[in-house]
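The values are calculated or read from the model by the stated rules, or taken from the named source; none is laboratory data. Nothing here was measured: the structure is a model prediction, and the numbers come from that model. Cβ: placed from backbone, ideal geometry, glycine included. Neighbour counts: every protein chain shown.
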Amino acid sequence: MASGLRIGLLLCVIASAAECRAQAGRELDEAQLERSLAANPKDARLHRDYAIFLEQQGRTAEAIAHFRAVCDLNPDSADDAYNLSLALLHNNLPADALAALDKHPVNTADSYALRGAILNALNRSRDAAQALRRAVALDGANPDTLYDLAITLLKIDENAEAAALLERGRRSFPTVAKMHAGAGMVAYLTGRNADAVRAYETAVKLEPNAADLFAALGDVYDATGDLPRAEKAYLRALRLDSSVAAYHVKYARNLLKLQRPKEAEAAFLNAVERDPANPEAQYQLGKLAAARDDHSAAIARYQRAVASMPSLKEAWYQLSLSYRRTGNEEQARAALEQFRKLQ
């Protein structure tokens, strides 16, 4: 056996042994916590430690039960109410999270920032902005809260205030990529595509492993008509994270504009493999099938598109055409009627 191969195998063994030791350590810690809790079921500190341990293991639902136990044992603790609220939000229970936070309202930046995140999850963006403004006023040195406030303001069309905050963030936190990305988003939304390109190019230099930033950079390249650079940006996003259907859709759209339909079809198929209900991918696959006169396949794709997004009027129109070309006049009329209702 070559010495290089022996070293490689040895490293694998060492790595496996280290992982086994870590796993054994986690199991030992959990067993110790369980024994301690069994002996002292009213010890709030033990419940808190176990909840944090479970949260770190990604077992949020189990952690919540112990955070609740801590709050029952320490009903006047704002810190424990905060921990419970945060765990509930992580477990996609924003209404419960807000109720937990409301039991002990405190005048701290962290509490207001969490309230803002919860209210955003509840689609109460105006209330979220109010909470996040308070968080920023209490702690203006936190780039995360400043960014969250700016993005929330964009949701409620307070674009001027959002833009000012993001420019302030770029000056105060020049190495924080999302500040530049946020400024790029504002520029893109207001039609300043060249400024958007510069902002996103700065963002990806600061965070070269952020797939979402490369996908956004691809969008602004596309908006400026620079399709080859858009293709490179989308490909970089896919190399970093190929699990996101939206990235495949963006890449496929770009390929269509570059007159490469076969590659585009493969990319749309990759999108529906990851998200079978993706309406745009299904619609575009239907159009590609119709272009080669495979209207039976096109109909199936259009049906999936409108099932996922009934408001997608273009898909209803194309569906009516494909029904007509297959001789299904009644279904063609029904699809066309749906299209007209959406006009």
Which one of these is at pLDDT 95 or above and touching a helix residue (DSSP H, G or I) at 6+ places or on another chain (Cβ under 8 Å): ARG124, ARG133?
ARG133
Output the residues belonging to segment 39-80 that are part of a loop (DSSP other than H, G, I, E, B), within 31 Å of the chain's Cα centre (by Cα) and without any contact (Cβ under 8 Å) to a residue 24 or more places away in the chain.
GLY58, ARG59
Scan segment 219-228 for residues that are over 24 Å from PRO174 (Cβ atoms) and in a helix (DSSP H, G or I) and report the count.
4
Identify all residues within segment 271-303 that are within 24 Å of the chain's Cα centre (by Cα), among the acidic types (Asp, Glu) and not in a helix (DSSP H, G or I); write none if there are none.
ASP275
State whether the residues of segment 309-323 include one that is closer than 30 Å to GLU201 by Cβ and of a type outside the set (S, T, N, Q).
no
Any chance ASP110 is free of Cβ contacts under 8 Å to residues at least 60 places away in the same chain, under 25 Å from ASN209 (Cα atoms), of a type in the set (D, E, K, R) and assigned to a helix (DSSP H, G or I)
no
Subset of segment 229-246, residues in a helix (DSSP H, G or I) and of a type in the set (A, V, I, L, M), comes to ALA230, ALA233, LEU235, ALA237, LEU238, LEU240, ALA245, ALA246
Which of the residues belonging to segment 309-330 are surrounded by fewer than 18 Cβ atoms within 10 Å (Cβ to Cβ) and either free of Cβ contacts under 8 Å to residues at least 12 places away in the same chain or assigned to a loop (DSSP other than H, G, I, E, B) (or both)?
MET309, PRO310, SER311, ARG324, THR326, GLY327, ASN328, GLU329, GLU330
Residue list for segment 50-101, restricted to those being of a type in the set (Asp, Glu) and over 16 Å from LEU37 (Cα atoms)
GLU55, ASP76, ASP79, ASP80, ASP96
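Please enumerate the residues belonging to segment 28-50 that are crowded, with 17+ Cβ neighbours inside 10 Å and within 15 Å of LEU73 (Cβ to Cβ).
First, the residues of segment 28-50 that are crowded, with 17+ Cβ neighbours inside 10 Å: 33, 37, 44, 46-50.
Residues satisfying the conditions are LEU37, ALA44, LEU46, HIS47, ARG48, ASP49, TYR50.
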With buried (at least 19 other Cβ atoms within 10 Å of the Cβ) and either at pLDDT 95 or above or under 30 Å from TYR302 (Cβ atoms) (or both) as the only criterion, which of ASP222, ASP212 stands out?
ASP222
In segment 160-196, which residue that is aliphatic (A, V, I, L, M) and in contact with an Asp or Glu (Cβ under 8 Å, 6 or more places away or on another chain) is surrounded by the fewest Cβ atoms within 10 Å (Cβ to Cβ)?
ALA177
Here the residues within segment 145-159 that are of a type in the set (A, V, I, L, M, F, W, C) and out of contact with any Asp or Glu (no Cβ under 6 Å at 6 or more places or on another chain) are LEU146, LEU149, ALA150, ILE151, LEU154, ILE156
Going through segment 81-107 one residue at a time, which ones are outside any loop (DSSP other than H, G, I, E, B) and either at positive phi or among the hydrophobic types (A, V, I, L, M, F, W, C) (or both)?
ALA81, LEU84, LEU86, ALA87, LEU88, LEU89, ALA95, ALA97, LEU98, ALA99, ALA100, LEU101
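I'm trying to understand the selection: among the residues of segment 293-308, which are of a type in the set (D, E, K, R) and either crowded, with 18+ Cβ neighbours inside 10 Å or within 21 Å of ALA271 (Cα to Cα) (or both)?
Scanning segment 293-308 gives ASP294, ARG301, ARG304.
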What residue, of VAL249, VAL306, is closer than 30 Å to VAL204 by Cα and either at pLDDT 95 or above or assigned to a helix (DSSP H, G or I) (or both)?
VAL249
Residues located in segment 306-343, provided they are closer than 23 Å to GLN259 by Cα and aliphatic (A, V, I, L, M):
ALA315
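Filter segment 36-74 for residues that are in contact with a Phe, Trp or Tyr (Cβ under 7 Å, 6 or more places away or on another chain) and of a type in the set (A, V, I, L, M, F, W, C); which is farthest from LEU86 (Cα to Cα)?
LEU37
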Among the residues of segment 155-178, is there at least one that is more than 28 Å from GLU207 (Cβ to Cβ) and among the aliphatic types (A, V, I, L, M)?
no
